[in-house]
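In what follows, a structure is listed as structure tokens, so that the remarks can point back to it.
All of the numbers you see were taken from the coordinates with simple rules; none came from a lab. Everything numeric in this text was worked out from a predicted model, so none of it was measured. As a convention, Cβ positions derive from the backbone with ideal geometry for all residues, glycine included, and neighbour counts pool all protein chains shown.
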Amino acid sequence: MIETSKELRWIRILLTIIALPIVVLILKTLKAIFIPLIFAIFLTFVFAPLTSYLKKKHVPLWLIILITLIIIAGVFSIVVMILYAASNSLISGLPKYQERFQNLVVDGAAMLEGLSARMDVASKSFPLLDLNTLLSGSTFSLTNAIKNTMNSLMAVMWNLFLILIFMIFMLLEADKFEPRLTKDMSPESRDKTTGSFKTMQKQIQNYLTVKTLISFVTSLIGMGLMLIYGVDFVLVCGILLFCLNYIPNIGSVLASGIPILILFLQYGLCYQLALFSILIVATQMFFGNILEPRLQGNRLNLTPIIVLISLIFWGWLWGFVGLLICVPLTSAINIILKQVDQDNMFSALISS
């Protein structure tokens, strides 16, 4: 009997290994459907406290859905207006920075060529020395890149439409979840499943709440520092500071580097650049490495190396969106795997 149990366990492990590449291929091929679905699930978790409160007050379900949609539409409208204002400032101000950046690349390439000549190294062996050609106006334009980005707004609108459709169906089916479990599962399995679902919901709620609060505060402080030191594109950098902080490990580095680069292009090497760099990096380190871990605690139950691996994997699978949601998504998968098998090897490896 014990040998049969072990054989079945190994068969399950082998089938999982075989099925994993197929699942990854499906996720990558159908990302246009899965990404809105994941965002809809996360938003449903975020709005779960409000939904529960309104249900306790005996608010009709159709009105709960309407209130949720109005809130999402209002937030999205504010975001669109902010992005529109930021894009206008970029389009009007980027040409002069593009020229300065190209001059900086040309000067850097010339310096490297001179250094390679003194060291008797062929400059052709350094592809980066051709960056000035790559960034020339005939082949690359930052302004056109921004315009192309703004032209993708229709794709964003379509994804938002799918998210809202998924959310509506989830809200409609939410009350039927437990009755179905009661009908089709034993009391023990039902309690275990609902417990795992509530744990997943609580973890994702906590992560998104803390991460959003930390990102918002760091972006406000960063924008304040930019105003004090006279750095251009304050609104644009504020948006980037907010968004990039959702990317673990490397997000805060990129978020700090962009305003530092802008200040460097404005004034060159100066003491203001040094002070500004120290302050904005210190802000990111304090909020990201000291305050946020204390607020988050160990609720996500993921080791640091697994966070890094999930960042690489989901970034490869779903691009920038995968970088943003890699941590809560991996945590949710870990909870699901524990629900299927409490002693599975994968959960033991990734859990902290």
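Points to keep in mind about this one:
- Estimated FRET transfer efficiency when R0 is 41 angstrom, pair Asp175-Val79 (beta carbons, to 0.05): 0.85
- Simple label model, 7 Å out from Cα along Cβ direction - Leu15 to Ile305, nm: 3.0 nm
- Taking 0.36 nm per residue of separation and subtracting the Cα-Cα distance, full extension of the segment from Val281 to Phe320 would add 11.8 nm.
- Packing-based exposure ordering (other Cβ within 10 Å, fewest first) of Lys211, Lys57, Lys202: Lys57, Lys202, Lys211
- Point-to-point label distance, Lys198-Phe216, nm (Cα→Cβ direction, 7 Å offset): 2.7 nm
- Remark: for residue pairs Lys31/Lys338; Lys57/Lys202; Lys31/Lys55; Lys28/Lys176; Lys176/Lys338; Lys211/Lys338, the C-alpha separation exceeds 27 Å in Lys31/Lys55; Lys28/Lys176.
- Protection proxy ranking of 25-31, 261-267 - average other beta-carbon atoms within 10 Å, highest first: 261-267, 25-31
- Label-to-label distance, Ile312 versus Met157, with points set 7 angstrom from Cα along the beta-carbon direction: 4.0 nm.
- Least to most buried among Phe161, Phe47, Phe197 (fewest other Cβ within 10 Å first): Phe161, Phe197, Phe47
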